[in-house]
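The values are calculated or read from the model by the stated rules, or taken from the named source; none is laboratory data. Everything quoted here is computed from the prediction, not taken from an experiment. As a convention, Cβ positions derive from the backbone with ideal geometry for all residues, glycine included, and neighbour counts pool all protein chains shown.
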Amino acid sequence: MKTHKHWIGQYNRVQEEVDDLEVLQEFLKEGEASEEEVERRYQKALTVMEDVEFHSTLNKPEDELGAILEINAGAGGTESCDWAAMLERMYLMYTEKNGLKTSELNKQYGDVAGIKSVSIEVRGDYAYGMLKSENGVHRLVRISPFNSQGKRMTSFASVFVHPLVDDTIKIDVNPADLDWDTFRASGAGGQHVNKTESAVRVRHLPSGIVVECQKERSQHMNREKAIQMLKSRLYEREIERQAAEKAQVESGKMKNEWGSQIRSYVLDDRRVKDHRTQFQTGNTDAVLDGEIGGFLKAYLMWDGL
C-alpha cells in the first residue's frame, strides 16, 4: 500500500504541474502572463517529470529495501586504508543528507591510519536501489599526504552493496550449513576490548560466504544480525545470477562485475569520472562530502536503457 500510494502521489504531482502550465499558457494567449513566467513554469514541470522518470527506474522488488554497504581497502597499505576511510565518510555524509539511517556492523582499523574494512547497515526508502550503483572498485589518484616526497599515488578500494532482506523475503538457511566462531570485539588501536567473546563470525559452507558482526554487546544479538547479513548476501548473489543470465542476451554495456573499476577520483586534476556512464564532475570536494546524487542518477538512467 505504501509503495502504491507513493507512485500515485508522484503521478498526481506531475499532473498538477502540467495542468498549471497549460493554464498559464492560456493566460499568455490572452495577454495575462508573460513568456518568462511560462518558461519558468515549463522548466519546473520538466524538472518534476524528469525526477519521476528517474525514480521510475527503481522498479525491482529489492530496490525498496535497505542495504548493507561494505568497503574494503585494496593493496597499498596505509594509502588504501586512508582511501577506504574517505569513502566511508563520503557515504555516511550522503546518507545523512538524504534522510537515511546508518549503523556500523563491523569495522577493522588500519595499522597506521584509515580502515581495512567496514560494514554499514543503511535503512530508509529505496536505500539499496539508490546505492546499488556503487558496487565495484573505486580508484583514487592524489598527491599523497603520507609520502614525504610528495609523490602522486594511486589507491584502490572495493565497495559492495547488498539488499538488506526483511520479513517480506523468505530465505531458508540450514543451521547445519553454518560454521560459527566467536572472538572479542575491539575498537581503534585495540582499545575497548570486550571482556567476553561477543563478536561472531559465521561461514556458510555451501557458498563460502563469511560475515562478521560485533555491533551488539550480546553474542546472541550479534548472531541474529549475522544471520540477517548472511541472508542479504545470499539474496544479492541470486540477484546477481539472474542479472548475469539477462546480460548474456545484451551487448554494448560494460559488465557489472565485482572487481571492475567503476569510478576514478583524480584530486590534483579536480575530476571524478564514472567509467560506465561517462558522467563526471570537477567538484571533487563536494563529491567527497557526499554529493554523489549525480552519479547515482546517471547510473540508474544508463542501466535502465
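For the criterion of being surrounded by fewer than 18 Cβ atoms within 10 Å (Cβ to Cβ) and in contact (Cβ under 8 Å) with a residue 40 or more places away in the chain, MET130 fails. Of all residues in segment 1-28, none that is assigned to a loop (DSSP other than H, G, I, E, B) has its Cβ atom under 7 Å from the Cβ atom of a residue that is surrounded by 10 or more Cβ atoms within 10 Å (Cβ to Cβ), 6 or more apart or on another chain. Filtered by the rule that a residue be buried (at least 19 other Cβ atoms within 10 Å of the Cβ) and free of Cβ contacts under 8 Å to residues at least 40 places away in the same chain, segment 274-297 gives ASP274, ARG276, THR277.
Residues that are in contact (Cβ under 8 Å) with a residue 60 or more places away in the chain, outside any strand (DSSP E or B) and buried (at least 22 other Cβ atoms within 10 Å of the Cβ) were ranked within segment 67-90; the one that is nearest to the chain's Cα centre (by Cα) is LEU87. A count restricted to segment 125-175 and to residues that are at pLDDT 90 or above, more than 17 Å from ILE239 (Cβ to Cβ) and small (Gly, Ala, Ser) stands at 3.
A quick yes/no check of all residues on (1) in a helix (DSSP H, G or I); (2) over 30 Å from THR3 (Cα atoms); (3) not assigned by TED's automatic domain parsing to the domain that holds GLU212:
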position	(1), (2), (3)
LEU92	yes, no, yes
SER119	no, no, yes
SER133	yes, no, yes
ARG142	no, yes, yes
ASN147	no, yes, yes
MET153	no, yes, yes
SER158	no, yes, yes
ASP181	no, yes, no
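Here's the yes/no breakdown for (1) of a type in the set (Asp, Glu); (2) more than 14 Å from the chain's Cα centre (by Cα):
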| position | (1), (2) |
| --- | --- |
| VAL52 | no, yes |
| GLU62 | yes, no |
| GLY110 | no, yes |
| LYS116 | no, yes |
| TYR126 | no, no |
